[in-house]
1. In contact (Cβ under 8 Å) with a residue 60 or more places away in the chain, among the basic types (K, R) and surrounded by fewer than 21 Cβ atoms within 10 Å (Cβ to Cβ): which single residue out of K103, K95 fits that description?
2. Those residues that are among the hydrophobic types (A, V, I, L, M, F, W, C) and in contact with a Ser or Thr (Cβ under 6 Å, 6 or more places away or on another chain), I need them from the stretch 151-172; list them, please.
3. How many residues does the stretch 419-434 hold that are outside any loop (DSSP other than H, G, I, E, B) and among the β-branched types (V, I, T)?
4. Just the residues that are of a type in the set (K, R) and outside any helix (DSSP H, G or I), please, taken from the stretch 453-479.
5. Is at least one residue of the stretch 216-232 closer than 20 Å to S15 by Cβ and of a type in the set (D, E, K, R)?
6. Any idea which residue in the stretch 70-85 is modelled with the lowest pLDDT, counting only those that are within 24 Å of the chain's Cα centre (by Cα) and buried (at least 18 other Cβ atoms within 10 Å of the Cβ)?
7. Being within 24 Å of the chain's Cα centre (by Cα) and in a loop (DSSP other than H, G, I, E, B) is the filter here; which residues of the stretch 25-53 pass it?
8. Filter the stretch 284-313 down to the residues that are at pLDDT 55 or above and among the aliphatic types (A, V, I, L, M), then identify the one that is farthest from S345 (Cα to Cα).
Amino acid sequence: MLRFVFGRSGCGKSSFVFNEIKKLVESGENNIILLTPEQYSLVAERRLLMDLGEDMVNCVDNSSFSRISNDVKKKYGCDTLPALSKGGKVILMCKAIDNCKDKFQLFNKKLDSLNFVSSMIKIYDEMKSCNLDSFQINELSKNIENDVLFKKLSDISLVMSSFEELINGKFNDSSNELNRIYNQIFDKNYFKDKYIFIDGFNGFVAQEYKLLELIISESKCVTITLCSDSYDSGDNFNLFAYVNNSAKIIKKIADKSNVKTEIVKLGNNFRFNNDELKAVESLGCVFFENCNRIIDSNENIHIYASKNISDECDYVSREIKSLLRNGYKASQIAVITRDLNKYLSELEYSFTKYEVPYFKDERQPINSQSLVVIEFMLRCINFSFKSDDVLSLAKTGLTDISDEDINDIENYVFLWNINGLKWTKPFNNSTKGFVNELDESDKKALDKINETREKLIKPLVAFKSAAKSKDSREISEAIYNTLISYKADKKIKEYAIELDKNGFYALANEQGRVWELIMNILNQLATTLGETDLKTYAQMFSLIISSEDLGSVPSGIDNVQIGQADRIRTDNPKAVFVLGANEGEFPQAVNGGGLLSESERRIMLDNDFKLYSYGEIINLQERYFAYMACSCASDKLYISYLKGNGKDYSPSEIITDIEQKHKAFKEYDFSYFKDIDLVETDKNAFELMSERFYENTPFYSSLKEYFKNDSRYSSIEYIAQNKPLIIKDKKKAKELFGGKELLLYSESEWNMEVCMGKKSIRKN
C-alpha cells in the first residue's frame, strides 16, 4: 500500500510519521526504514531516540538514499572500481572536452573557461539523473529543428560520450549511483515486507523515482509526507504545484505496480503559538492567497531594513542574544537565507563578536594552509624558486621552521636580493650587509640562516628531481614525500590539538580531516591524470581545490542553525530569521538553466526530453522555499532586507505583501535602537566605541572610560589623534624592514622636523 500524508507547513506530518513508527515498534515490528534527506538525518536520529528510547531505537533503520546505497554494497558486494570524486570528475571532464575540441560545432570558443567545465559537469549530472545518456541525447536531438540547439546538443553528446569512455571500467560516477543500486537489487527483494516512511522531501530526481518503483512495489506499506493541501485541485500554478507534480509521478508508479493508494489530509495546524504566525502561513502573503484580514498585533513578526549586510548580521546577533537572555536555547533558533555565500562570512564574524554559538548546514569550501602549502611547493618548482613562493611556503607553518628563523632568512633574502637558483647554493654574505670581513658572530648568524635555507630547499630540490617524471602517480608520490620531509602531517595534527584546547572545536574538526583530504586529492590526481607535466598537474590541483569541499559537523548540540532555504531542514525552531528578503533574491529570480536556456528546455520537453524544467516551475519552487522559510517558526519570525533607492535594494514581495495586507506590521532600522541596545559583549562594545570614538556623548564617553586601561585602547586613541606611526626601537625597525634604506627618527627628532615645517606626513 502507498499512503500519502498531505498538509501545509506545521500540520504535523513528521509527527504523524513518528507516531506511526512508534505504534509499529510497540507492536513488535522491527522491519522499518525511515528515509529522509541526508541533512535531516541527525534531527531524525534525535527524534527516534526521544520517542523510542535506547532499547527500541535499533528497530528502525534511519536511512537516506546514500545510506541505502552503502548498505546494498555491504550486503551484496560491489565492484572494485574506485569512486570518482568531484576533483577527479573535473580532471576527466577537462580531458573529455580536450578530446572533442576539434569536433565541436558551437562550443569551440569556450574551451579554456573554467565556468564552461563546471557547466558541462552540471549538464552531464542532470542528464544522468534524468536517465539520459550520450546516445539518447544524440538520437533525440535529430528531431530538433532549432539549428543552434541541435549543434549544442551534438556537442554535449560528444563530451558525454568521451567522458563515459574515460570512466567506463575505471571509475564509478556518483551521478549514476542510484541506477547502479537499482540494477543490483532489482531482483533481490531488498524492500520486501518492510514498512517504509519517507519524510522531509520536497521532490525527487529521476534516479530516485526509479528506486521508488522498487520501494513501492516490494514494501508492505510506504508512507510519504508532502507539504501540500492542493494535490487534487488541478491547479498547476499554485504554491504547491512543485510538490503536487512529485505526488502525481509517485501515484503513477503505484498504479503501474497495482499498489493501492491511500490519502491522509492533515488540516489542523499545531506549530504556531500566536495568531500572527498562523496568519502569515494561512494567508500566504506572497504565496498566492487572497485575503484582506488585518492582524492587530506586532509582537512576534519583525521586519528590519538594514543599511548593509554587516548591519543586517549584527541585528540578527543582537536579537538572538536577547532571545537567549529570555530563556531560548540556541538550538531553538534558525537563520535562513537564499544565498548563504553572500552572508556567511559576515554572519560568522558577527556571531563570533556577539558570542553566538552556531552551526552551518552546508558543505564548506576548502580553506586550509595545508592545501596552500602544496600550491606553493608546485610554484617553487614551476617558477624556479622565486623568493616570494619560497618564503610563502615557509610561512604556512607546515615546514617545521620557527617564526624567528623565517624572519631572519627573509631579512637576509631582501638584503642581498636572493632569488631563483641562488636559493640552491649556500649563502656566503654577511647578515649585516657589506663588510670587509665576517667576524665570529657574523659566521654564526650566517650558519643559522644557511641551516634554515637547507631545511627549506633540500626537500624542494628532491621534489624537483622526482617531478621530472611525466607520470601523475610519481608526481603525487613526490609531493607526499616532500610533505613528510617538512613534517607537515605532524604539524597539522598539532594545530588541530591546539585549536581544540582553545575551544575552536569546529575548526579543530575541520583541520583534523584535512590530511585525509590531501591524501584523497593526491590519489585522485595519481589515478585520473595519467601522463602529464608539472604545470598541468598544478593547474589540475587548483581545479580540484575549487571543486572539493568539507562537510560540516556540529561542534555541539546547542547551536543556532544557519542554512540556505533550498537545503536546510530545521527541527521545529521557535524563532527564525529570514535574511536577504530583497526583490530577485528571496524568492530568487530565475537566471536561466546553465548551458541550456529556458526556451531551449521547452523545445526539448516538446521533443520527449525528460529534463528538469526551469521558468515557471523554478519560480514556483522558489516561492515554495520562501513559504517554508517563513512558516517554520513556532514563536517569532524576523525578516530583514537591504534598504536603498536602487532596484537592487528593493524589498521582495515577502516584505511588501506583509506591509500591504497587514497594516499592524511596521518595519524598523538601525535608528530604532538606543545606544545601550547595541552593546552585548566586550568585543562588540569595543568595536562600537572604536567606530564612534569622536562622539563625546555621555554613553560613548562612558565606553571610552571603561576601556581606558585596556591594552587595545591606546592604539585606537593614537589613530584617532592622527599621530604618525613611530617605531622608537631602531633595532626593531631594522628587523621589520630588513636592509632597505630607511630614514630613522626618534620621536623627538620627528617632532623637531615637523615643527620646522620639514615633515607634514607620517613617516617611519
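The values are calculated or read from the model by the stated rules, or taken from the named source; none is laboratory data. Quick caveat, the model's predicted, so the values are computed rather than measured. For neighbour counting, all protein chains shown are included, and Cβ atoms are generated from backbone atoms with ideal geometry for every residue, glycine included.
1. K95
2. L153, M160
3. Residues that pass the stated criteria total 1.
4. Selection gives K468, K470.
5. Within the stretch 216-232, one or more residues are closer than 20 Å to S15 by Cβ and of a type in the set (D, E, K, R).
6. Out of the qualifying residues, it is S85.
7. Hits for the stretch 25-53 are T36, P37.
8. Residue satisfying both the conditions and the ranking: I301.
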